[in-house]
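Each remark here refers to the structure printed beneath this line.
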Amino acid sequence: MAENTELLYMKDVESNYIREFDASVIERGFDYVVLDRTAFYPLGGGQPSDTGLLEWQGGRAEVKEVTKKEGIRHHLVQNPDLVPDKVHCVINWERRLAHMKMHTAQHVISGVVYDLYKARTVGNQLYHDRSRIDFAPVKFTDEMVAEVERKCNDILVGGAKVEICTTAREELEKNIDAQRANLDLLPKSVKDLRIVTIEKFDVCPCAGTHVRSLSEIGKMKIVKRENKGKDRERITYELVG
Ligand SMILES: [Zn+2]
């Protein structure tokens, strides 16, 4: 699928901060273009896609969504046939940075809930202004939710560094709790994993975008708790200041 496009945001945490880049168009579809390289995040893993602009001398096209089903498709508002071969690409940074903060906070919350209650993260959906995570097996009380919020904020305030690297699965399996990192849910065929590490707290395979330090996130607030079945609970959180 996506082999034709170099993903500029994958390499390390600094690459998650690429806001602008140059690229060549290698395919034009009915409503999309495929580029030889991109820093746009495609929809997946609970994180919405980036939006932004393709610019060139005398023109521009708006990227309204990016998908990765058959290649990394940058879906455009305008006709892709009007886009020249060489473009300058600009990501809607406010939206992307909000997703990076939300996503990194999600790792913290998932880690805290596992440590406190041995409940695993079984689903998540991030947005720029609020996000939700589903946990199982667990039955939350108000006290438990307050404890999660308190512990998460203690960790966020600590401002730990976040690192991203690629590691052989074998190496990782020796060093971490496979259930805590949801490692056992990844297909056996996956041998090399992109690892997101929060210093002294969490190691988790993930292909999303993240901030370089927890100090960028501020604090989190759990604004809603819902029961989603026998042993399944959903919390909704926001980031505040
Ligand atoms: Zn992640």
Task: Around Trp56: net Lys/Arg minus Asp/Glu count, Cβ-Cβ under 12 Å - done: -1
TODO: Counting other Cβ atoms within 10 Å, keep those with at most 13, restrict to DSSP loop, and tell me which GluC sites (Glu not before Pro) in segment 61-161 are left.
DONE: Glu70
Open item on the list: Give me, ordered by chain and number, the residues 5 or more places off Asn92 or on other chains with an amide H under 5 Å from its own placed amide H.
Closed with: Thr51, Gly52, Leu53
Task: Accessible solvent surface per residue of the chain, calculated while the other protein chains remain in place, 1.4 angstrom probe, Å² - done: 50 Å²
Task: Separation of alpha-carbon centers, segment 46-105 and segment 224-241, rounded to whole Å - done: 30 Å
- [ ] Enumerate the whole-percent occupancy of each 10 Å bin, from 0 to the last occupied one, for all C-alpha pair distances of the chain.
- [x] 7, 30, 32, 21, 8, 1
Open item on the list: Considering all projection directions equally, how large on average is the shadow of the alpha-carbon convex hull of segment 111-159, in square nanometres?
Closed with: 3.9 nm²
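Order Thr197, Thr104 by their accessible area, 1.4 angstrom probe, all chains in place, largest first.
Working: Thr197 40, Thr104 0 Å².
So the residues, ranked largest to smallest area, are Thr197, Thr104.
Would you mind checking the pairs Lys11/Lys68; Lys118/Lys161; Lys118/Lys230; Lys86/Lys191 and listing those with alpha carbons more than 26 angstrom apart? Don't skip to the end; give the middle numbers.
Working: Lys11/Lys68 18 Å; Lys118/Lys161 24 Å; Lys118/Lys230 16 Å; Lys86/Lys191 35 Å.
Result: Lys86/Lys191 exceed 26 Å.
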Task: Space enclosed by the convex hull of the alpha-carbon atoms of segment 58-141, per residue, Å³ - done: 137 Å³
Task: Within the chain, helix-based [θ] at 222 nm, where runs of 4 or more DSSP H residues each add -39,500 (n - 2.57), nearest 500 - done: -7000 deg cm²/dmol
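The values are calculated or read from the model by the stated rules, or taken from the named source; none is laboratory data. This structure is a prediction, so every number in the text was calculated from the model and none was measured. Using ideal geometry, Cβ is built from the backbone for each residue, glycine included, and neighbour counts are taken over all protein chains shown. We work out accessible area using only protein heavy atoms, side chains counted, and drop any ligands, DNA or RNA first. Shrake-Rupley method; radii C 1.70, N 1.55, O 1.52, S 1.80 Å.
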